[in-house]
Each structure stands twice: as C-alpha cells, then as structure tokens.
Amino acid sequence: MIVSLIAWCILPILGVSALLCGWRALRGPSLPDRVVGLEMLTTLGIGMAACIAVSAGQPALLDVGLALALVAFLGAIAFAWVMEARP
C-alpha cells in the first residue's frame with residue numbers, strides 16, 4: 001500500500017515541485033531568489049531519496065539524503081557569507 005502511494009502520488013508531486021524550483025533557480029529575478037530555488041531543489045532531492053529508499057527497501061539511500069542535506073547546509077552558509085561580504 002505505501003509503495004504504491006509513494007510511486008503514484010508522492011514522487012510525481014515532488015517531481016513537479018522540482019521542475020518549478022528549477023525554473024525559479026534558472027529565471028529568478030535576483031541572486032537570492034536563485035539560491036532559494038537551489039535550496040528547495042536540494043530539499044526535494046532529499047525527499048525523493050527518502051521516498052525511493054522506503055519504496056525500494058534500500059536504507060543506503062537515506063545516507064545519500066543525509067549527505068545532500070549537509071552539502072546544502074554548507075552551501076547556504078557560503079551564500080550568506082558571500083552576501084554579507086558584498087558592499
């Protein structure tokens with residue numbers, strides 16, 4: 001039951017959300033808008049990895065999500081540092 005729910009409901013919603021966030025990341029009117037789009041893409045990637053891990057029964061994919069979360073956090077910190085250094 002949960003596998004079919006993930007395959008038919010949750011993953012398509014995450015996919016559409018990823019397309020919209022990718023559009024914002026590419027066409028954002030300002031740099032912060034683009035960074036927010038990229039942050040959302042990484043968050044959706046974490047969600048997709050978790051859904052695939054549950055539906056496929058592969059707990060190793062949860063490690064992929066964790067690594068992606070750590071990289072996204074470091075990216076957010078780097079962006080904040082760059083924006084603070086700007087005049």
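Summary of computed values
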| item | result |
| --- | --- |
| From Ser4, Ser55, Ser17, residue being assigned to a helix (DSSP H, G or I), more than 16 Å from the chain's Cα centre (by Cα) and buried (at least 16 other Cβ atoms within 10 Å of the Cβ) | Ser55 |
| Test: residue in region 29-39 that is without any contact (Cβ under 8 Å) to a residue 24 or more places away in the chain, in contact with a Gly (Cβ under 9 Å, 6 or more places away or on another chain) and surrounded by 17 or more Cβ atoms within 10 Å (Cβ to Cβ) | yes |
| Some residue of region 59-77 being more than 14 Å from the chain's Cα centre (by Cα), part of a helix (DSSP H, G or I) and in contact (Cβ under 8 Å) with a residue 40 or more places away in the chain | no |
| Meets criteria (surrounded by 16 or more Cβ atoms within 10 Å (Cβ to Cβ) and either out of contact with any Pro (no Cβ under 7 Å at 6 or more places or on another chain) or not acidic (Asp, Glu) (or both)) for Leu26 | no |
| Test: residue in region 29-52 that is assigned to a loop (DSSP other than H, G, I, E, B) and either touching a Pro at 6+ places or on another chain (Cβ under 8 Å) or closer than 27 Å to Ala80 by Cα (or both) | yes |
| Count of residues meeting criterion [small (Gly, Ala, Ser) and touching a residue at least 40 places away in the same chain (Cβ under 8 Å)] in region 1-28 | 1 |
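Taken together, the values in this text are just the output of simple stated rules run on the coordinates, not laboratory data. The structure presented is a predicted model; accordingly, all values stated were derived computationally and were not measured. Glycine gets a Cβ as well: all are built from the backbone with ideal geometry, and neighbour counts include every protein chain shown.
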